[in-house]
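Asker: Please find one structure pasted underneath; my questions will follow.
We did not get these values from a lab; they are worked out from the coordinates using the rules stated. Source: prediction; values computed, not measured. Virtual Cβ from ideal backbone geometry, glycine too; neighbours counted across all protein chains shown.
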Amino acid sequence: MSYEIQFARITNSGKLPDRFLTCQHHTSQDLAKKSMGEIFTLVEMLSPWFPTAQVGQMVIANFVKYYYQGGSTSDLVNFETALKKVNEDLAQITQNGETDWIGNLNALLAAIVDNNLHLSVTGRVEAYIFRDGKVNHLTDNLAGPVEPHPLKTFSNIISGELKNQDKIIIANKEFFDYLSLDAVRQIINLNQVSQAALQITKLLKKEKVRTVNLIIIKLGSKEELSSETIEGQLEEVFYLDKTTDSLGQKLAYLPKNLLAPVGKIIANFIKKGYGLIHNKLAQKSIPKEQKVLKTDRFQEEFMTPEPTRDDGLLKDEEVKYSPDFYVHYYNTKKEEKKSKALPKWWLKIFSFIWSKILWIFDWIVQSAKDRQKRKNLYIVLSLFLILIVSLAVFFRSRGNQVGNLNAQKILDEALAAQKQGKNLMAGGNQDQAKEQLVICIEKSQSILNKTLVAKDAQSALESCSNELDKLTATTRFAKLEPLMTIPDNAKGLFVIAGQAFVVSDNDIYQGSLVGGAPSKVGTIPSTKGQFIAGARADSIIYLYTSNQNLYQFDTSSKKLELAKINPEAHWETANSLASYVGTLYLLDGILGQIYKHTSNQTEFQPGEEYISTTNINLRDSISLAIDGSIYVLKNSGKAVKLQKSRLVSNFDLKNIPTPYNTLTKPIKVFTDSDTPSLYILDAGQKRIVEFDKDGQFIHQYAFGETFDHLSDFNVSIKSRKIWVLEKNSIYEIPI
């Protein structure tokens with residue numbers, strides 16, 4: 001049966017301000033190539049800048065050219081070869097420094113030959129086939145990575161046979177934000193192609209939509225299509241930025257229609273003038289016998305093997321993806337040829353070069369003296385400078401090529417580990433799954449600074465981190481906004497009655513947890529030392545300084561004063577302190593001792609040594625918390641629990657999920673009599689780990705990679721919130 005294609009396009013006649021968007025239809029002008037079918041393309045470049053828009057147009061023009069130049073008897077082979085050459089062109093322009101298109105390109109390239117369809121997609125472009133009242137998604141999971149390596153931009157092909165009366169719609173992703181697939185199905189099935197396009201155009205114009213393009217295609221037999229009476233089937237293109245052909249619209253477009261030809265005339269005149277100047281300079285500066293040899297460096301770099309496919313495997317209604325095809329790299333060993341040139345050849349070459357140098361120097365001197373020729377000198381020097389910069393950029397990009405190729409290899413290994421990890425998870429082998437996911441994370445992190453693979457690596461990193469979080473009871477907070485920020489070096493955080501109090505070396509700031517700028521409410525005299533550690537007792541905050549002074553700050557009255565202690569006593573050396581029922585506990589992590597200061601209504605009493613036996617080792621301790629029992633966190637990531645000055649022997653921090661089952665940089669332990677859990681801040685892994693009061697792991701809360709200066713935190717079990725101090729800012733997370 002002989003088939004014919006009916007189609008209509010919906011697009012814009014002018015440019016869009018925020019993107020390059022076009023859908024096109026092409027056939028060969030060569031009658032001998034008519035049997036190769038028709039090409040349909042939709043390209044969206046999410047960048048309005050001229051260079052990236054040119055990349056989008058280049059993809060279309062080069063694909064059409066390469067496809068119709070194909071010499072194979074297999075249309076699928078010609079299609080695949082054209083895609084491969086387009087990928088090579090994209091890699092070439094990337095090496096030349098144009099990388100803004102990466103991640104911004106959404107494109108679909110399709111060829112219909114008789115009733116055979118070949119289609120490839122990159123990015124987000126949708127294609128659906130409507131057959132016998134049903135809808136099939138042709139491009140589901142067809143595109144590769146969202147931001148692919150240039151050589152893998154178009155890496156998958158779908159091929160199959162179309163049936164009589166099949167209809168296909170090709171559209172950019174944004175189209176379906178305005179019309180549902182079910183609404184499109186009804187319009188497509190109830191109308192002829194042109195009528196359906198007209199109806200969709202009216203609906204989009206009603207919503208003042210211009211940022212969509214689509215193509216509607218119908219396959220039918222020549223006999224059926226010729227016998228159909230298609231009312232209004234006169235147009236193949238419908239423009240979203242045009243209304244009617246009324247006199248008003250014609251007058252509105254009159255300036256554009258007049259300015260365009262004038263612009264072309266001016267452009268041609270400038271082009272010809274530039275050509276005359278260029279030729280004149282070339283005739284003066286380049287001898288006739290000198291020839292410029294152009295070499296295709298890209299062809300030397302990459303090899304395009306002859307593709308082979310079996311078209312006989314394509315069955316009716318059967319969707320088949322071709323294997324990923326890549327441009328393979330290869331290394332060629334060039335034999336060094338020993339020079340057999342005689343000395344007189346060397347002398348001739350040297351003489352020729354020296355004469356040209358003298359000629360150039362003489363030309364520069366004469367041009368500099370002659371005011372009329374000086375302009376030409378400036379032009380030549382400018383062109384020479386541009387050439388030098390271009391060569392520097394070119395060789396720099398070639399120098400980075402090996403690194404980029406190695407980065408692509410690492411990315412492939414990361415993706416393989418990701419896939420294997422998911423398979424192991426599905427099989428219930430969680431420990432090995434964790435190992436593979438960690439490999440994926442580590443390899444992805446190692447190539448985040450490589451431009452060509454950075455976004456793919458980031459995507460793999462986030463995916464593997466999410467899968468690993470499921471296996472390790474982790475809640476991850478990748479993006480957090482600060483509640484407040486102070487101008488000084490923040491060291492301590494206290495939350496009381498919806499107010500945050502942040503302590504720097506000597507100043508105290510107060511701010512609301514619901515927003516607003518913080519204000520300074522107190523200052524520790526610099527002669528009394530800098531803030532080291534603090535503890536809260538109801539509305540009072542105790543602040544211990546490096547000069548062994550203890551201040552108390554009343555958050556209600558904003559009064560700051562030295563805490564009163566028995567005249568015969570003093571405050572011991574400490575690096576952490578805690579308050580419990582009117583008693584202060586000072587931890588000396590160097591000596592490994594805790595000092596207990598009870599209080600009466602007027603003052604604190606002399607300190608008593610809490611540890612009375614030598615079998616309790618608290619050296620290298622960094623933090624303590626009290627809820628009746630005393631929990632001491634050590635610098636090694638271990639913790640001990642004390643009750644009535646005795647060590648609780650069966651207590652240990654246990655069952656932290658692998659692979660991060662150790663606390664690499666513990667900062668602080670937190671609990672109180674109202675909090676049922678024990679929380680530890682681990683700055684090394686950028687997380688807060690939750691345990692029960694026996695040390696059994698419960699959950700962990702992970703922060704983003706930018707959280708490099710975690711220093712303090714508070715927990716409110718009543719509010720179900722954790723407040724974290726990172727650098728000079730406070731962040732809030734739910735628990």
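Asker: Debye calculation, C-alpha points only, no solvent: report log10 I(q)/I(0) for the stretch 401-471 at q = 0.16, 0.17, 0.26 Å⁻¹, in the same order as the q values.
Answerer: With no solvent term, the Cα-only Debye profile gives -0.48, -0.53, -1.02.
Asker: Across the stretch 437-553, how many lysine pairs separated by 8 or more positions, or lying on different chains, have Cα atoms within less than 18 Å?
Answerer: 4
Asker: Taking the alpha-carbon centroid of each part, what is the distance from the stretch 655-709 to the stretch 472-539 in angstrom?
Answerer: The distance from the Cα centre of the stretch 655-709 to that of the stretch 472-539 comes to 20 Å.
Asker: Then there's this: If the viscosity is 0.692 mPa s and the temperature 37 °C, what translational diffusion coefficient in µm²/s does Stokes-Einstein give for the stretch 73-186 when Rh comes from Kirkwood over Cα pairs?
Answerer: It comes out at roughly 214 µm²/s.
Asker: Which residues in the stretch 99-129 place their backbone N less than 18 Å from a point set 7 Å from the Cα of residue 182 along the Cα-to-Cβ direction?
Answerer: Once the point is set 7 Å along Cα→Cβ of residue 182, nothing inside the stretch 99-129 turns out to lie under 18 Å by backbone N.
Asker: How high is the FRET efficiency between residue 652 and residue 405 when r is their beta carbon distance and R₀ equals 56 Å, given to the nearest 0.05?
Answerer: So, using R0 = 56 Å, E works out to roughly 0.70.
Asker: Next question, about the same structure. Hey, quick one: spin label on residue 31, modelled 7 Å out along Cα-Cβ, who in the stretch 47-72 has an amide N within reach, i.e. under 12 Å?
Answerer: Label zone hits: none.
Asker: Something else: In which sequence would 208, 641, 520 go, from the one with the fewest C-beta neighbours within 10 Å to the one with the most?
Answerer: 208, 520, 641
Asker: Averaged over all directions, how much area does the convex hull of the C-alpha atoms of the stretch 534-658 cover when projected, in nm²?
Answerer: It is 9.2 nm².
Asker: Additional query: Subtract the Cα-Cα distance of residue 517 and residue 591 from 0.36 nm times their separation in residues, and report this length gain in nm to one decimal.
Answerer: 22.5 nm is the gain from fully extending residue 517 to residue 591.
Asker: How much length is gained on full extension from residue 499 to residue 15, taking 0.36 nm per residue of separation minus their Cα-Cα distance?
Answerer: 169.0 nm
Asker: Ranking 361, 477 by Cβ neighbours within 10 Å, fewest first, what do you get?
Answerer: 361, 477
Asker: I want to verify the translational diffusion coefficient of the stretch 484-734 in µm²/s; compute it with Stokes-Einstein, Rh as the Kirkwood radius over Cα pairs, at 4 °C and 1.567 mPa s.
Answerer: 70
Asker: Could you list the chymotrypsin sites (Phe, Trp or Tyr not before Pro) in the stretch 697-731 that lie in coil according to DSSP, counting only those with at most 15 other Cβ atoms within 10 Å of their Cβ?
Answerer: Qualifying residues, ordered by number: none.
Asker: Between residue 598 and residue 627, how high is the FRET efficiency from 1/(1 + (r/R0)^6) when r is the Cβ-Cβ distance and R₀ = 22 Å? Nearest 0.05.
Answerer: Once rounded, the FRET efficiency stands at 0.80.
Asker: For residue 569, what is the net charge nearby, where nearby means another residue's Cβ is under 11 Å from its Cβ and Lys, Arg count +1, Asp, Glu -1?
Answerer: Combined, the nearby Lys, Arg, Asp and Glu give -3.
Asker: If I take R0 = 60 Å and measure r between the Cβ atoms of residue 458 and residue 552 in this structure, what FRET efficiency does the formula 1/(1 + (r/R0)^6) give, to the nearest 0.05?
Answerer: 0.80
Asker: Take the Cα atoms of the stretch 1-54, find their three principal axes, and give me the spread along each one in whole Å, biggest first.
Answerer: That gives 45, 21, 15 Å along the principal axes, largest extent first.
Asker: Turning to a different aspect of this structure: Which of the peptides 572-579, 492-499, 25-32 is most tightly packed, and how do the rest follow, going by the mean number of other Cβ atoms within 10 Å of each residue?
Answerer: 572-579, 492-499, 25-32
Asker: Here's another thing I want to ask about it. Under the 0.36 nm per residue contour assumption, what length would be gained going from the current alpha-carbon distance of residue 389 and residue 559 to full extension?
Answerer: In short, 54.7 nm is gained.
Asker: Taking other Cβ within 10 Å of each residue's Cβ, how do 9, 131 sort, fewest first?
Answerer: Least to most surrounded, the residues fall as 131, 9.
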